[in-house]
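Asks: Got a structure here, written out as structure tokens. Questions coming.
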Amino acid sequence: MIKIFSILYSLLLFFISFNSAYAEDLRDFKVGSSITEIPERGYVNLKCEDKTEILKWKNFKNCKKNSNDFHIISFEYDERFAVTEEFEGTQVSGHPVLINVAVDESGILQEININTDPKAPFYFRKQSHLLWLRVYSKYGSQGWECSNRTPEKNHIKIGKKYVNNTCLKQVKNKLITIQSQFYFVGDKSNRDNLVSKSFLQIKLNNKV
């Protein structure tokens with residue numbers, strides 16, 4: 001009975017943490033809002049695309065613009081404010097990730113870009129292709145337009161499973177893109193050849 005209660009309590013903590021992390025689009029971040037509204041507390045290692053460090057969100061103009069005329073800022077979560085031990089580090093729904101945001105000249109958050117971390121421990125990395133489950137939970141499972149790629153010559157299915165797709169969904173003034181990949185490249189006896197990763201982009205799109 002105690003074991004069952006412990007499991008249920010852990011699941012409750014997981015979903016509370018997930019919903020809290022997605023109170024906006026991602027924690028305190030919401031496309032279309034001002035980057036200067038993001039609190040300083042809880043975030044560390046703010047860096048431009050060229051790895052130049054900035055101290056505060058309001059210093060975003062210190063970052064050179066990219067080809068889309070956006071300032072790109074990467075960051076990490078401050079582990080001192082982790083919700084539970086399971087959520088230490090920069091994670092989205094239990095997946096270690098690399099995150100950057102794109103900000104326009106006016107300081108408006110145009111994009112949130114999230115890649116699962118390719119250097120995460122293998123236990124996490126092999127689950128990385130499943131990020132779409134949490135994205136569907138947040139933005140709904142209906143209305144996605146998905147394109148599936150056929151396996152290349154050196155791509156090997158894992159059992160009967162091969163995942164290499166991109167799914168798009170318009171949610172009000174946002175375009176949500178989730179890319180998922182899951183297969184082996186070459187010798188599947190070497191776990192380093194496993195491809196299991198996701199890319200999530202939440203983009204401001206007022207042209208609808």
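Asks: Kindly put 195, 31 in sequence by how many other C-beta atoms sit within 10 Å of each C-beta, fewest to most. Write down the numbers at each step before the final one.
Replies: Working: 195 18, 31 22.
In order of increasing Cβ crowding within 10 Å: 195, 31.
Asks: Okay, moving on. State, in angstrom, two size descriptors of region 2-204 derived from its alpha carbons: Rg to one decimal place and Dmax to the nearest whole number.
Replies: For region 2-204, the Cα radius of gyration and maximum Cα-Cα distance read 18.1, 56 Å.
Asks: Express the relative contact order of region 81-208 as a whole percentage, based on alpha carbon pairs under 8 Å and six or more residues apart in sequence.
Replies: Values: 231 pairs, mean separation 30.7, N = 128.
Relative CO of region 81-208 lands at 24 percent.
Asks: Quick one: order 167, 63 by neighbouring beta-carbon count within 10 Å, fewest to most. Don't skip to the answer; put the middle values down first.
Replies: Working: 167 17, 63 20.
In order of increasing Cβ crowding within 10 Å: 167, 63.
Asks: Take peptides 181-189, 109-117, 157-165 and line them up by average Cβ neighbours within 10 Å, highest first, as a rough protection proxy.
Replies: On the way: 181-189: 15.2, 109-117: 21.0, 157-165: 13.2.
For the peptides 181-189, 109-117, 157-165, the packing ranking is 109-117, 181-189, 157-165.
Only the coordinates and a few stated rules stand behind these numbers; no lab work does. Predicted model only: the values in this text are computed from it and were never measured. As a convention, Cβ positions derive from the backbone with ideal geometry for all residues, glycine included, and neighbour counts pool all protein chains shown.
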